[in-house]
Structures are given as structure tokens and as C-alpha cells.
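Below is one structure; the comments refer to it alone.
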Amino acid sequence: METQQLNLQEVEQLALDALRGAGASVQAAASVAKSTYAAERDGIRSHGLLYVPIYCEHVRCGKVDGQAVPAVTRPAASAIRVDAGSGFAHPAIDAGFEALTDAARQNGCAALTVYNSYNCGVLGYHVERLAEAGFLGLGFTNAPASIAPVGGKVKVIGTNPFGVGVPDGKGGAAIVIDQSASVIAKSEIAMRAREGMAIPEGWALDPDGNPTTDPAVALQGSMTPSGGYKGFGVGLLVELLAAALSGATLGKDASPFAGTAGGPPRTGQCFIALAPDPMSGGGFAERVEGLVDAITGQEGARLPGARRQENRQRIEAEGVAVDRKLIETISSYIS
């Protein structure tokens with residue numbers, strides 16, 4: 001594979017130009033491009049430049065309305081709703097972010113729900129922003145069904161990740177957790193399918209419910225829930241918050257994020273911001289620090305999100321090696 005070294009600013013600009021060329025508005029393209037920058041910076045390739053051709057294709061075919069303008073309402077003091085208008089999730093979340101943090105400061109806690117939405121990329125990116133703003137941030141996003149209940153074969157919920165961003169009291173994040181209800185994110189299987197790589201046994205099942213190491217077959221079957229019925233329970237919790245509570249389309253009824261068929265998925269997100277001081281009575285940052293030290297002080301133990309931080313420091317300095325064919329594909333959308 002022939003690669004080209006890009007710095008992170010070039011990554012963001014390439015994504016921005018391609019999305020604009022595909023038909024996305026300046027606001028939508030900038031929001032998605034910024035998240036692409038962050039994904040590549042943190043070494044999360046599956047949601048970085050690899051996803052940009054999918055975003056562009058979906059704008060072109062109408063699965064995403066690239067010109068959608070998010071509509072923000074505040075039906076209650078601590079409740080913010082955003083209609084993404086079948087557009088990208090990123091600008092919809094951005095549109096409600098300030099109202100969410102303002103409400104949380106005023107009331108101690110607040111929630112933001114997004115509906116008529118789409119794939120929000122790396123959920124950890126969004127909850128880390130809440131942590132940097134000083135809040136304990138919780139995030140949930142549903143996805144088209146890809147997980148069957150344990151003992152069943154019909155897919156009911158998506159990989160449905162949840163995220164937690166914990167402030168360090170210094171303007172940063174002490175902990176960032178981002179994990180899906182499945183053993184692995186579906187995008188990781190899709191990435192291996194594109195690259196012709198096998199997947200480990202235990203990641204997914206074929207359409208008949210049997211284990212498979214073929215990523216193409218896995219994409220036709222179902223994802224394996226992490227921890228069996230416990231993982232399915234976590235995914236169900238996310239479905240209740242990100243879809244049922246937000247007013248979004250349930251995963252079982254949503255069109256797939258992959259491919260061009262089915263029209264907009266209209267899935268949803270839910271974010272909860274908790275202000276540490278009024279909730280804890282003070283001392284929250286010190287208690288978090290003690291918890292972090294109890295983990296990192298053990299030889300071989302790793303704090304959730306630590307690998308991203310390590311990648312971030314290295315990639316900010318070195319940039320990323322990108323497949324030239326991928327660059328050519330992305331560049332083909334630039335008008």
C-alpha cells in the first residue's frame with residue numbers, strides 16, 4: 001500500500017473540501033471535518049478519513065441532507081431538543097451544545113436529545129467536549145439494528161455505544177470512556193472488509209447465528225454483544241435514551257448507515273451534562289484524581305482513553321500515513 005503523510009490540518013481540510021464538493025453546507029462540512037481531524041489525531045482510523053467517502057456518498061444519494069439546518073428548542077429548563085432534519089449529527093450536536101451547557105450551569109444538570117439524526121462518529125469526541133467544559137458528560141447514540149437478543153436471531157438494537165467524559169478540574173478530561181454494546185464497533189468490521197482482512201472469532205455471527213471470521217459475512221449477520229446478555233442490556237439502555245426518549249427512529253426500523261439504500265436513518269443521540277460542584281458538594285476533582293491514581297498506579301493497568309492520549313501526542317507531532325488510493329477517492333468529490 002502506497003501512503004502519503006498528512007498533517008492533521010491537511011486531514012481536516014481534505015475532509016472539508018470533499019464534503020463541500022459532495023454538497024454539504026459550510027456549517028455541516030466544518031463540523032464533520034473537525035471530528036475527522038479528532039478521530040485521526042486519536043488513532044481511530046475507522047471514523048477518520050476512511051469514513052469521509054461514505055459521508056460524501058450519503059450526501060450525494062440523499063441518505064443525509066447536507067444542507068439541513070438543525071432546529072433547537074428548549075421545552076423545559078433542563079431539556080434541549082434538536083431536530084437534525086435528516087442531516088449530519090455533528091452540526092446538530094454543535095447547535096445544541098451551548099444551550100446544554102448553559103442549562104447545566106443554571107440547574108446543576110441538563111439533557112440534550114437529538115432526533116432525525118445520523119451517525120455521530122466517535123462518541124468519545126462529544127463527551128470529551130463536555131468534560132473540557134467542566135461537566136461530567138454522558139452520551140448515548142443508537143444505530144441501525146445489528147445485534148439480536150441473546151438466544152434470538154432477529155436483530156433488534158444497534159451497536160449502540162455509550163460515552164463518559166470526566167472533567168479533571170483543570171479544563172481537560174481525566175477519563176474518557178467510549179464503548180459499544182457489541183464486542184467491537186461495526187465500523188471496525190467494515191474497515192477489515194474493505195481491506196480484505198479476517199476478523200477474530202467472537203466478534204460477529206453469520207445470518208444463521210454461527211460464529212464467523214469473514215467480515216463480509218459478518219456484515220450480513222449480526223454483531224456479538226459484549227458480555228452476552230449484559231451487553232445486550234447496555235445496548236437496550238442506550239436505545240431507550242437515544243431513540244425512545246429522543247423521539248428518534250428505533251434501530252430496528254432505521255435504514256443502514258452503510259450503502260445508499262433506505263433513505264435517511266433518522267436515528268438519535270442523548271447527552272447528559274452534570275455539574276460536579278452542586279451535585280457533589282465539592283471535592284469531585286480530588287476524588288476523581290484518587291480513582292485515577294488507583295488505576296494507573298498498578299503495573300500493567302490502563303485507564304480508559306489512555307491509548308487515545310498516547311496516539312494524540314504522537315500523531316500531532318508526526319501526522320498520519322494515508323493510503324494514496326483513499327486520498328484519490330476523497331479528492332474525487334472535490335469540485
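The values are calculated or read from the model by the stated rules, or taken from the named source; none is laboratory data. The structure presented is a predicted model; accordingly, all values stated were derived computationally and were not measured. Positions of Cβ are backbone-derived with ideal geometry, glycine not excepted, and every protein chain shown enters the neighbour counts.
Assorted remarks:
- Between Pro265, Pro276, the distinction of being more than 21 Å from Val114 (Cβ to Cβ) and touching a Phe, Trp or Tyr at 6+ places or on another chain (Cβ under 9 Å) belongs to Pro276 only.
- Evaluation of Asp102 against (1) of a type in the set (D, E, K, R); (2) under 30 Å from Ile184 (Cα atoms); (3) assigned to a helix (DSSP H, G or I) (one fails), failing number: (2)
- When restricted to residues that are touching a Pro at 6+ places or on another chain (Cβ under 6 Å) and in a loop (DSSP other than H, G, I, E, B), the range 157-178 contains 1.
- Filter result for the condition that a residue is under 18 Å from Phe257 (Cα atoms) and either modelled with pLDDT under 95 or not assigned by TED's automatic domain parsing to the domain that holds Ala248 (or both), over Pro91, Pro53: Pro53
- Screening the range 6-20 for residues that are of a type in the set (S, T, N, Q) and part of a helix (DSSP H, G or I) and picking the one that is surrounded by the fewest Cβ atoms within 10 Å (Cβ to Cβ) gives Gln9.
- Here Val292 meets the list (1) touching a helix residue (DSSP H, G or I) at 6+ places or on another chain (Cβ under 9 Å); (2) of a type in the set (Val, Ile, Thr); (3) more than 20 Å from Val64 (Cβ to Cβ) almost entirely, failing just condition (1).
- Qualifying residue in the range 168-180 (condition: touching a Leu at 6+ places or on another chain (Cβ under 6 Å) and of a type outside the set (Phe, Trp, Tyr)): yes
- Top-ranked residue in the range 229-251 [being hydroxyl-bearing (Ser, Thr, Tyr) and modelled with pLDDT of 95 or more; ranked as nearest to Ile80 (Cα to Cα)]: Ser246
- The selection criterion, being within 19 Å of Leu130 (Cβ to Cβ) and among the aliphatic types (A, V, I, L, M), does not hold for Ala76.
- All positions within the range 21-48 that are surrounded by fewer than 18 Cβ atoms within 10 Å (Cβ to Cβ) and aliphatic (A, V, I, L, M): Val26
- Qualifying residues in the range 125-154 (those that are out of contact with any Gly (no Cβ under 8 Å at 6 or more places or on another chain), in contact (Cβ under 8 Å) with a residue 12 or more places away in the chain and surrounded by fewer than 23 Cβ atoms within 10 Å (Cβ to Cβ)) - the one nearest to Asp277 (Cα to Cα): Ala133
- Checked against (1) closer than 23 Å to Leu50 by Cβ; (2) assigned to a loop (DSSP other than H, G, I, E, B); (3) modelled with pLDDT of 90 or more, Glu128 passes all but condition (2).
- Matching residues, the range 52-89, being under 18 Å from the mean Cα position of the chain (by Cα), part of a helix (DSSP H, G or I) and buried (at least 23 other Cβ atoms within 10 Å of the Cβ): Val52, Tyr55, Cys56, His58, Ala89
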